[in-house]
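Read through the structure below, which is laid out as structure tokens, and then see the notes.
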Amino acid sequence: MAQIIDGKAISSQIKEELKTKVGALKAQGVEITLAVILVGEDPASQVYVRNKKKACEYIGIRSLSYELEETATERQLLELIEQLNRREDVNGILVQLPLPKHMEEQKVIRAIDPKKDVDGFHPQSVGALSIGLPGFVSCTPAGVIQLLKRSAIPIEGKRCVVVGRSNIVGKPMALLMLRENATVTIAHSKTADLPSLTRQADILIAAVGKPKMITAEYIKEGAVVIDVGIHRDAANKLCGDVDFASVEPLCSAITPVPGGVGPMTIAMLMYNCVESVKIQEK
Ligand code: GUN
């Protein structure tokens with residue numbers, strides 16, 4: 001029987017730790033503020049933003065909410081970001097993605113002051129991660145590291161295969177595993193004979209975006225399997241990139257969907273908001 005890695009419990013533990021820290025900072029007169037910007041009415045984005053604001057409230061972080069119409073111009077959004085960059089009482093700025101098609105995502109991300117980039121998406125944050133300098137780390141991959149560490153799963157010296165090379169998950173995930181001294185391979189949609197590669201993995205991280213693609217034939221017996229995907233299957237049930245039913249009997253530990261990696265993203269966003277105080281002191 002595989003160990004089921006409980007992301008809900010681990011994210012709650014992190015949030016409790018942060019709540020205590022934020023309380024201590026408040027006692028010293030330090031208040032943390034996160035500005036959350038949502039453009040348009042994408043229902044999934046609305047849910048994410050609501051949950052981020054709820055987490056802030058729980059932990060004791062002040063959240064400011066900016067909702068722009070779908071038809072807002074890129075210039076309007078950039079001006080809002082510039083205003084928030086200048087405000088000393090704003091520690092973190094988060095622009096919920098995806099943005100409407102008439103806006104250039106990379107340009108918007110670059111407009112955020114790297115010292116307030118709590119999503120860790122700014123090229124400066126990504127560059128800092130790649131050369132081992134301090135900076136914000138993308139929340140979902142940072143959450144995966146916490147899941148492994150807090151489940152006492154060793155990373156150093158292990159063979160890790162990351163399937164997926166997105167800027168938000170795959171690439172920073174590989175860099176973080178490298179920082180933890182794993183031997184890392186990044187696989188993607190053009191990788192030849194993917195199952196024979198993933199069968200070498202002690203730790204397999206699936207961030208492909210294809211429901212239940214990773215089946216038993218991709219798994220080495222005893223591997224640790226981390227599933228970053230979230231989809232709805234034909235029966236409208238939540239599922240991941242991993243075919244849990246066929247993979248679970250083979251591995252030593254696995255994250256479920258839901259309740260694995262998912263809850264970690266917001267916990268790590270809260271962590272980054274608390275870290276922002278230190279980063280801004282420098
Ligand atoms: N859209 C999907 N995931 C994310 C995330 O982690 N941050 C932001 N800003 N937008 C997202």
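Sort out which residues of the range 238-262 are small (Gly, Ala, Ser), touching a residue at least 40 places away in the same chain (Cβ under 8 Å) and surrounded by 18 or more Cβ atoms within 10 Å (Cβ to Cβ), and write them in order of number.
Of everything in the range 238-262, those that are small (Gly, Ala, Ser), touching a residue at least 40 places away in the same chain (Cβ under 8 Å) and surrounded by 18 or more Cβ atoms within 10 Å (Cβ to Cβ) turn out to be 253, 260, 262.
Counting only strands (runs of 3 or more DSSP E) wholly contained in the range 1-109, the ones carrying 1 or more residues that are under 30 Å from residue 153 (Cβ atoms) occupy 92-95. Counting only residues that are more than 14 Å from the ligand (Cβ to nearest atom) and open to solvent by 40 Å² or more (accessible area, probe 1.4 Å), the range 82-101 holds 7 of them.
Identify the residue in the range 267-278 that is open to solvent by 30 Å² or more (accessible area, probe 1.4 Å) and in contact (Cβ under 8 Å) with a residue 60 or more places away in the chain and, among all such residues, is nearest to residue 212 (Cα to Cα). This residue is 271. The number of residues in the range 156-196 that are open to solvent by 60 Å² or more (accessible area, probe 1.4 Å) and under 29 Å from residue 95 (Cα atoms) comes to 8.
Of the residues making up the range 125-139, those that are without any contact (Cβ under 8 Å) to a residue 40 or more places away in the chain and hydroxyl-bearing (Ser, Thr, Tyr) are 125, 138. Residue 59 meets the conditions (1) touching a residue at least 40 places away in the same chain (Cβ under 8 Å); (2) within 16 Å of the ligand (Cβ to nearest atom) in every case but one. The failed one is (2).
Evaluate the following for residue 153: is it away from the ligand (no atom under 16 Å from the Cβ) and crowded, with 22+ Cβ neighbours inside 10 Å?
no
Among the residues making up the range 125-149, those that are surrounded by 17 or more Cβ atoms within 10 Å (Cβ to Cβ) and more than 12 Å from the ligand (Cβ to nearest atom) are 125, 126, 128, 129, 135, 144, 145, 146, 147, 148. Screening the candidates 104, 79, 41, 67 for the property of being more than 18 Å from the chain's Cα centre (by Cα), more than 16 Å from the ligand (Cβ to nearest atom) and either open to solvent by 20 Å² or more (accessible area, probe 1.4 Å) or closer than 21 Å to residue 271 by Cα (or both) yields one hit, 79. Conditions: (1) over 17 Å from residue 247 (Cβ atoms); (2) in contact with an Asp or Glu (Cβ under 9 Å, 6 or more places away or on another chain). Residue 177 meets all but one. Number of the miss? Against the list (1) over 17 Å from residue 247 (Cβ atoms); (2) in contact with an Asp or Glu (Cβ under 9 Å, 6 or more places away or on another chain), residue 177 comes up short only on (2).
Hey, any hits in the range 181-188 for a residue that's part of a loop (DSSP other than H, G, I, E, B) and within 16 Å of the ligand (Cβ to nearest atom)? Scanning the range 181-188, I find no residue that is part of a loop (DSSP other than H, G, I, E, B) and within 16 Å of the ligand (Cβ to nearest atom), so the answer is no.
For the range 107-124, the set of residues classified as within 10 Å of the ligand (Cβ to nearest atom) and free of Cβ contacts under 8 Å to residues at least 24 places away in the same chain consists of 109 only.
Of everything listed in (1) on the phi < 0 side of the Ramachandran plot; (2) open to solvent by less than 60 Å² (accessible area, probe 1.4 Å); (3) in contact with a Pro (Cβ under 6 Å, 6 or more places away or on another chain), the single unmet condition for residue 9 is (3). Only one residue in 248, 156 is over 16 Å from the mean Cα position of the chain (by Cα), assigned to a loop (DSSP other than H, G, I, E, B) and at pLDDT 95 or above, so which one is that? Going through 248, 156 in turn, the sole match is 156.
The values are calculated or read from the model by the stated rules, or taken from the named source; none is laboratory data. The structure presented is a predicted model; accordingly, all values stated were derived computationally and were not measured. FYI the Cβ positions are ideal-geometry reconstructions off the backbone, even for glycines, and counts take in every protein chain you see. Ligands, DNA and RNA are excluded from the accessible area calculation, which covers all protein heavy atoms including side chains. Shrake-Rupley method; radii C 1.70, N 1.55, O 1.52, S 1.80 Å.
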